[in-house]
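Have a look at the structure below, then the notes.
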Amino acid sequence: MSYTKNREGTAASLFRRTCVTAETLKEIFCSQVSDGPDLAAVAQLAADAKKGGFAVDAELRIRVAAMMAHVGFLAPDRTGEVFDAFAVGWLEKPVRATPISTLDLSAGTVRDDLLNAYWSLVEDGVAGSLDAASITERTAGLGGFQNEVFQDRLAQSSLQYPGVKEIAGRSTPPGFKLATLAACPLGSIGRQYHDLIVDNGFDLEVLDGHALGLSKLPPPLDFLNARNLQTHDLWHLVAGYETTVLHEFAIAAFQLAQFGHSYSGSLMAVMTGVAALSPAIGFPILMDAVLTAWVHGRETSPMIGIHWEDSWNLSVEEIRQNYAISPYASPHPANLFELGAA
């Protein structure tokens, strides 16, 4: 998750407050976030919101945020069916992938401290007081409010995604070295990855997995989260997502669809919350990107098991061919939000 000031942080300048008060929207959100999803209603909510276009009602937007927060914070095993329903309602076509199994468990209610931290993050995002690093850190920090019961449920739900059972129990390989990448031939994924990191001033790993306590998570969450920190920008290159605001949100949805990535689920809840408290114009653009990327992730072969260390000398196209990966077809220019904020 190598985010820079030109990525997620720019989003704060793209959304400004609406005439609907934040307090009213918060009341609606809190009244609905614990409600279990009815899939037909989810698809209809998406269809209704899509019809609203650039003037979509704030109440519809906050209901979308509440549903994404429900699966992000309470029922991660229902993420697959809920996002599939959102995609069907918004995109008006079925997802061509096997449904992701649920665990058929009750959801409970969102803890007050988690809800308060979430809402504070949303309001700060709308106010434009967050940079990319703080959005990343605070979104990741929402996981710290979850208990062991939720983590166990999240671990079990992640095993329902294609390819995850095969990597469960793996140890995270050592971190990548820039010198290794620099020695790769021109045109290779290793050299392209090196240049992306160096030219943009990115970190190989933007967050410290040890400090986050990833090794203490139950399997397969320990491997999934640590490996994602290592390889996030490689996914950008191979899956065809640029390092822009819109495509950061899109690739989060792609990774959520690939292996139930908990951080990505939280980010979906945060950014739809920000979009609900902001002018409507940004909401359909966000949803277009998120839901097309979700479908892209669902219809793409699992990437979490790729052993990148054996592939440094291959080209991006060769890796795509080896793993049957098609690049993302973005519904909007990748830098649309940057252009709007200029």
#### Entry: Built amide H within the under 5 Å cut-off of Ile306, gap 5+
none
### Task
Note down the nm distance, to one decimal, between modelled labels 7 Å out along Cα→Cβ at Asp124 and at Asp195.
3.7 nm
### Message
Report the gain in length on full extension from Glu137 to Asn322: 0.36 nm times residue separation, minus Cα-Cα distance, nm rounded to one decimal.
### Response
63.2 nm
## Note on the structure
When the chain is treated as a Gaussian network with springs between alpha carbons less than 10 Å apart, the largest mean-square fluctuation among Asn200, Asn313, Asn322 is found at Asn322
## Note on the structure
Going residue by residue through the range 244-250, the Karplus relation 6.51 cos²θ - 1.76 cosθ + 1.60 with θ = phi - 60° gives ³J(HN,Hα) values, rounded to whole Hz and with x marking Gly or Pro, of 10, 4, 4, 7, 5, 5, 5
### Query
Can you give the FRET efficiency for His332 and Asp152, using 1/(1 + (r/R0)^6), R0 = 35 Å, r = Cβ-Cβ distance, to the nearest 0.05?
0.35
### Query
In sequence order, what are the phi-derived ³J(HN,Hα) couplings for the range 115-130 according to the Karplus relation 6.51 cos²θ - 1.76 cosθ + 1.60 with θ = phi - 60°, rounded to whole Hz, with x for glycine and proline?
4, 5, 5, 4, 5, 4, 5, 4, 5, 5, x, 5, 6, x, 9, 10
### Query
For the range 138-148, in order, what is each residue's ³J(HN,Hα) by Karplus, 6.51 cos²θ - 1.76 cosθ + 1.60 with θ = phi - 60°, in whole Hz (x at glycine and Pro)?
6, 5, 4, x, 4, x, x, 8, 8, 9, 5
### Task
Give the total of Lys-Lys pairs in the chain with Cα-Cα distances below 27 Å; include a pair only if its members are 8 or more places apart or on different chains.
7
### Query
For Rg and Dmax of the Cα atoms in Å, the choices are [x] 18.8, 57; [y] 22.9, 82; [z] 24.1, 75; which was calculated from the structure?
[x]
### Task
Would you mind computing, in nm to one decimal, how far apart the modelled labels at Thr109 and Glu59 are, each placed 7 Å from Cα along Cα→Cβ?
2.3 nm
### Task
Might you report the magnitude of the Cβ-based charge dipole of the range 230-317 about its Cα centre, with Lys and Arg at +1 and Asp and Glu at -1, to the nearest 20 debye?
340 debye
## Note on the structure
If the chain between His307 and Ala341 were fully extended at 0.36 nm per residue, the gain over the current Cα-Cα distance would be 8.4 nm
#### Entry: Where labels lie 7 Å past Cα in the beta-carbon direction, separation of Ser31 and Glu166 in nm
4.7 nm
### Query
For the chain, with only Lys/Arg (+1) and Asp/Glu (-1) charged at the beta-carbon, what is the dipole magnitude about the Cα centre, in debye rounded to 20?
280 debye
### Message
Please give the Cα centre distance for the range 167-192 versus the range 230-295, rounded to the nearest Å.
### Response
24 Å
### Query
Which residue, Ala329, Ala252, Ala66, has the most motion in a Gaussian network model of the chain that connects Cα atoms within less than 10 Å?
Ala329
### Query
For the chain, modelled as a Gaussian network with Cα springs under 10 Å, which listed residue fluctuates most, Leu267, Leu130, Leu60?
Leu60
### Message
Per 0.36 nm of contour for each residue apart, how much would the distance between Arg96 and Leu178 grow if the chain were fully extended, relative to their Cα-Cα spacing?
### Response
25.7 nm
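Each reported figure results from applying straightforward, stated rules to the coordinates on display, with no laboratory input. Worth saying up front: this structure is predicted, and the values here are computed from it rather than measured. In this analysis, Cβ positions are derived from the backbone assuming ideal geometry, glycine residues included, and neighbour counts consider all displayed protein chains.
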